[in-house]
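Taking it in order: structure first as structure tokens, then the write-up.
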Amino acid sequence: MSLTSAVLRRLLLFAASLVGASALIFVAVNALPGDVAQVMLGTGASPEAVAALRERYGLDRPAIVRYAAWIGGLATGDLGTSYLTGESVVSQVAPRLGVTLWLVSFAIVVALVVAIPQGMVAAMFRRRWQGAVASAASQLGLAVPAFYAGILLVVVFAVKLRWLPANGYRPLIGDDGWHVREWAERLVLPVASLAVVQASVLTRYVRSAFVEVLSEDWFRTARSVGWTRWRALWRHGVRNAAISVVTVLGLQLATMLVGAIVVEQVFSLPGLGTLLLTAVGNRDLQLVQGVVLLLVGAVLVINLLVDLSYLAIDPRLRDGGGRGGGSR
Amino acid sequence: MKRAPLYLGAVLVGLVVLAALGSLVWTPYDPAAIVGPKLAAPSFAHPVGTDHLGRDVISRLLVGARATVAVGVVAVALAAGGGVPLGLIAGMSDGRYAQGRRGAWLSEALMRAVDVLYAFPALLLAILLAAAVGASTATAMVAIGVATIPAFARIARAATLTVMTQDFVLAARASGTSVGATAVRHVLPNIAPVLGVQASVSFGIAILAEAGLSYLGLATPPPTPTWGRMLREGQNVLFGAPEQALWPGLAIAVAVLGLNLLGDGLRDLLDPRLREVS
């Protein structure tokens, strides 16, 4: 199979997945027992009020017609309009997106900076105490939910030491100029709590990747011509291990986004997660539907990019094979 | 020494299950009753103190284990019940004894559907359900269970593909055993150990998810105590009584650590060669 058809195949799969995901979201929100207008207004609403809402937003149309209208809007970048506030979903998402993106992207960077050396140490010294310590640390990190890590960090750095604020957010650029310090101070603890957990997951994969590298023939060859272990690892091992680490990072994105939703609540950050949970509280179904699709769509896009990057890296995958399924 | 993680994991998991079951019979106090002063320090009467309303924290922790264990067990059962047949069908229709191209196509279609589901973390499913029908213990179970189906489907398919290359499967098919009987009698018993490891790991992930959901108020509603909501309540008094948030978080970490160690230990027991690699 040529590269073009392999890429086309991936793009088709992506489009099909997106349609499948949107259908699943639509069904979950719309086809569950009870009707949307009734759910939004609560059980105490009068039948007249329910009928009025139903008519106002065309809820009396068949579900398939409403789904088609929603999907049609997506093609033009319209995620729908809130039944509750009358505002478009996009206009409510836009100002919140920045907070969540800063949080997730910084957390990825920090997690990598921690996990790569930790995983390398755990692999290199796997039969000695240094390796045991590195592995144990990641095992502990895996058991701690991000929001608990966040609360512990608040206790230490905000309550006891009073170095950093316990919660809140300040945009990087306000009407009165830049607020780099205030902005950074309020992101340190949320980023750290999200990164701690991710670093633990990544450490385990970095370790396995390097343990595998250490048993490769070319590694032994490099050692036998007089290279030190670290030099051989650095020159060849890192690149070989990188492929599996990038894969895991891609697959972990969904976990990161979910982690961000919860961590935003710990630190009262006005991000997408806060928007989504407020929408759930208000039973603003259109907003919930739109934001969930945006998040799931982001995960699917990342998976697509990971798949496409394989095609670029490894020609053997071009003949239609999918990526190997990890167990976690 | 080699099996220390396995035993430690089993002990930790045993403690959590014991707390959950034991709390059905006895707790020091009624977990919902106000039995002392607000935010009392640990004492003989209240070993880890009382909460912001004056309820006994240890009793609430013990009862909180129930929701954790119940949601974990039901979610993993749902995930295995949905994912294992999917993976089994996909694996058996794709392997060495595949029924031609149609089998490969079926396998591909099933796994792509599973991939779509993989893009839905438990939290997003729980949010969809909470928005549509309101949050409850049941929505948390369903959300976590459905979100875990892909993990079981993938591992079951991978294990099935390996088993399908074995001669005894060929022998069974050649002697006229039906596909269904082959699956149940020959494939399933051979992939069961791998599924057991997956169940242990998934249980840990389910506990983390349940804690997150109840922290956000998207799972078991009050007055039943859950570790996640206790953390949330503890966070509200963080400046006055930081230890309130410490205990429920510690309980979550112990349960998850136990299940992860148990999963790792079981995997090593199954395949000692893997110990070095992962």
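Here, each number is a calculation from the coordinates, and none is a lab measurement. For clarity, every value in this text was computed on a predicted model and none was experimentally measured. Cβ coordinates were reconstructed from backbone atoms using ideal geometry, including for glycine residues, and neighbour counts include every protein chain displayed.
Summary of computed values
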read-out	value
Helix A:89-124 axis, angle to chain A major axis (alpha carbon atoms, nearest 10°)	20 degrees
By average C-beta atoms within 10 angstrom, highest first, the peptides A:88-98, A:106-116, B:110-120	B:110-120, A:106-116, A:88-98
DSSP H segments from chain B that extend 27 Å or more along their own axis, Cα-based, with Kyte-Doolittle mean of -1.0 or above	B:4-25, B:57-94, B:100-118, B:137-163, B:188-215, B:243-270
Per-residue [θ]222 nm for chain B (sum of -39500 (n - 2.57) over DSSP H runs n ≥ 4, rounded to 500)	-24500 deg cm²/dmol
Selection from A:132, A:142, A:77, by position along the positive dipole direction of segment A:13-145 (Cβ)	A:132
On Cα atoms only, tilt of A:180-214 relative to the major axis of chain A in degrees	50 degrees
Candidates per trypsin sites (Lys or Arg not before Pro) in segment B:202-278, loop by DSSP, up to 14 other Cβ within 10 Å	B:273
Model label zone, residue A:234; criterion: amide N under 19 Å from point 7 Å along Cα-to-beta-carbon; scope segment A:103-118	A:113-118
Inter-site label distance for residue A:311 and residue A:185 at 7 Å from Cα along Cβ, in nm	4.9 nm
Cβ crowding within 10 Å averaged over residues, with B:196-206, A:17-27 ranked highest first	B:196-206, A:17-27
C-alpha long axis of helix A:3-30 to longest principal axis of chain A, angle in °	40 degrees
Distance between modelled label sites at residue B:175 and residue A:216, nm, 7 Å Cα→Cβ extension	4.5 nm
Shielding of A:210-219 by partner chains, average beta-carbon count, 10 Å	1
Dipole in debye (nearest 20) - the protein assembly as shown, about Cα centre, beta carbon charges: Lys, Arg +1; Asp, Glu -1	1860 debye
Stretchable slack from residue B:70 to residue B:3, in nm (0.36 nm times residue separation minus alpha-carbon distance)	21.3 nm
Rounded Å value of the spacing that divides the Cα centres of segment A:107-182 and segment B:171-220	33 Å
Shielding score for A:147-157, defined as the mean number of other chain Cβ atoms within 10 Å	5
Peptide A:248-261, shielding by other chains (average Cβ, 10 Å cutoff)	3
Shape box of the protein assembly as shown [Cα atoms, principal axes, largest first, Å]	65, 63, 60
Sites residue A:162 and residue A:27, calculated FRET efficiency, Cβ-Cβ separation with R0 60 Å, nearest 0.05	0.75
Rounded to the nearest 20 debye, dipole of segment B:4-277 from Cβ charges on Lys, Arg, Asp, Glu	600 debye
Per-residue [θ]222 nm for chain A (sum of -39500 (n - 2.57) over DSSP H runs n ≥ 4, rounded to 500)	-23500 deg cm²/dmol
Modelled FRET efficiency - R0 60 Å, residue A:224 with residue A:15, Cβ distances, 0.05 increments	0.75
Nitroxide proxy distance, nm - points 7 Å out along Cα→Cβ at residue A:173 and residue B:21	6.2 nm
Using a Förster distance of 60 Å, the FRET efficiency for residue A:128-residue A:78 (Cβ separation, nearest 0.05)	0.55
